[in-house]
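Enquirer: There's a structure below that I have some questions on.
The values are calculated or read from the model by the stated rules, or taken from the named source; none is laboratory data. Values in this document were obtained by computation on a predicted structure and should not be read as measured data. Backbone-built Cβ (ideal geometry, glycine too); neighbour counts: all protein chains shown.
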Amino acid sequence: MIYEIRTYDLKTGSVSEFEKRFGENLPGRMSFSRLAGFWHTDIGPLNQVIHIWPYDDLNQREEVRKQANSSSTWPPNTSEFTLNRQSEICKPATFMTPMDDREIGPIYEMRIYTYSSGEDIQKVMDAWGSAIGEREKFSPLAGCWQSELDGLHRFTHLWAYSSLEDRSRIRDETREKGIWPPRSGVSPIKMENKILIPASFSRMQ
């Protein structure tokens, strides 16, 4: 299983119309493969949308995209709003729950860490695998991946919260109790985060 994380930077004020057109055309696209989730940024880099697509492998991704692009419904007519597109192919962590219909938000936080090497990321994965069960008693991990293509040594994790206040409380409590973050012995060389809101048609709410 692989996941494609697509991030689009949009023109100011165009997010609502982009989501509307995307959602209107999505049923036709879903006949080829499913959408895991769709969000727009609320805090962090603004006017950005993120959509995540799971595939069996790169061959299925290529075939599905070929079929979808030859249909009359995809891609949606949104190019006028798009300033930049980024696509990243990622492998899910072994402890990640597959992305499906889940109501675990409505606030999501995406954190992107860049490490010096793939060996460092493996150390992080090992540490997380041992500790994630206890951490998820406080809030669910919506997704967790390491980059495979189009972004070297990137570790992306997506968390769901009921509110921003809930996020702050959980982060403080798990840190005070020594539950999180787990000790991996390595530190990222770059850290980013984004607060995300799911679109009405996202399978993850």
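Enquirer: If the Cβ limit is 8 Å and pairs must be 6+ apart or interchain, which residue in the range 44-56 that is closer than 14 Å to TRP145 by Cβ pairs with which residue that is of a type in the set (Val, Ile, Thr) and outside any strand (DSSP E or B)?
Expert: Hits for this filter: TYR55/VAL64.
Enquirer: Which of the residues spanning the range 125-182 are among the polar types (S, T, N, Q), buried (at least 18 other Cβ atoms within 10 Å of the Cβ) and farther than 26 Å from MET1 by Cα?
Expert: THR174
Enquirer: Please go through the range 183-202 and pick out each residue that is within 19 Å of GLY37 (Cβ to Cβ), surrounded by fewer than 18 Cβ atoms within 10 Å (Cβ to Cβ) and among the charged types (D, E, K, R).
Expert: The answer is GLU192, and nothing else.
Enquirer: Between a first residue in the range 162-183 that is without any contact (Cβ under 8 Å) to a residue 60 or more places away in the chain and over 14 Å from GLU134 (Cβ atoms) and a second residue that is surrounded by 10 or more Cβ atoms within 10 Å (Cβ to Cβ) and basic (Lys, Arg), which pairs have beta carbons less than 7 Å apart while being 6 or more apart in sequence or on different chains?
Expert: Filtered contacts from the range 162-183: no entries.
Enquirer: Name the single residue, out of those in the range 100-115 being outside any strand (DSSP E or B) and at pLDDT 95 or above, that is farthest from HIS51 (Cα to Cα).
Expert: My answer is TYR115.
Enquirer: I need the full set of residues from the range 90-147 which are charged (D, E, K, R), touching a residue at least 40 places away in the same chain (Cβ under 8 Å) and farther than 20 Å from PRO188 by Cβ, in order please.
Expert: Listed by number, the residues that qualify are ASP100, ASP101, ARG102, GLU103, GLU134.
Enquirer: Taking the options SER139, SER147, name whichever one is of a type in the set (S, T, N, Q) and touching a helix residue (DSSP H, G or I) at 6+ places or on another chain (Cβ under 7 Å).
Expert: SER139
Enquirer: Take the conditions modelled with pLDDT of 95 or more, within 19 Å of MET204 (Cα to Cα) and surrounded by 14 or more Cβ atoms within 10 Å (Cβ to Cβ) and apply them to GLU4. Does it pass?
Expert: Judged against the criteria, GLU4 is a match.
Enquirer: Just wondering, is there one or more residues in the range 87-95 that are over 16 Å from PRO54 (Cβ atoms) and crowded, with 18+ Cβ neighbours inside 10 Å?
Expert: Checked the range 87-95: no residue is over 16 Å from PRO54 (Cβ atoms) and crowded, with 18+ Cβ neighbours inside 10 Å.
Enquirer: Can I ask one more? Which of (1) farther than 21 Å from GLN205 by Cα; (2) of a type in the set (D, E, K, R); (3) surrounded by 13 or more Cβ atoms within 10 Å (Cβ to Cβ) does ARG111 not meet, given it meets every other one?
Expert: (1)
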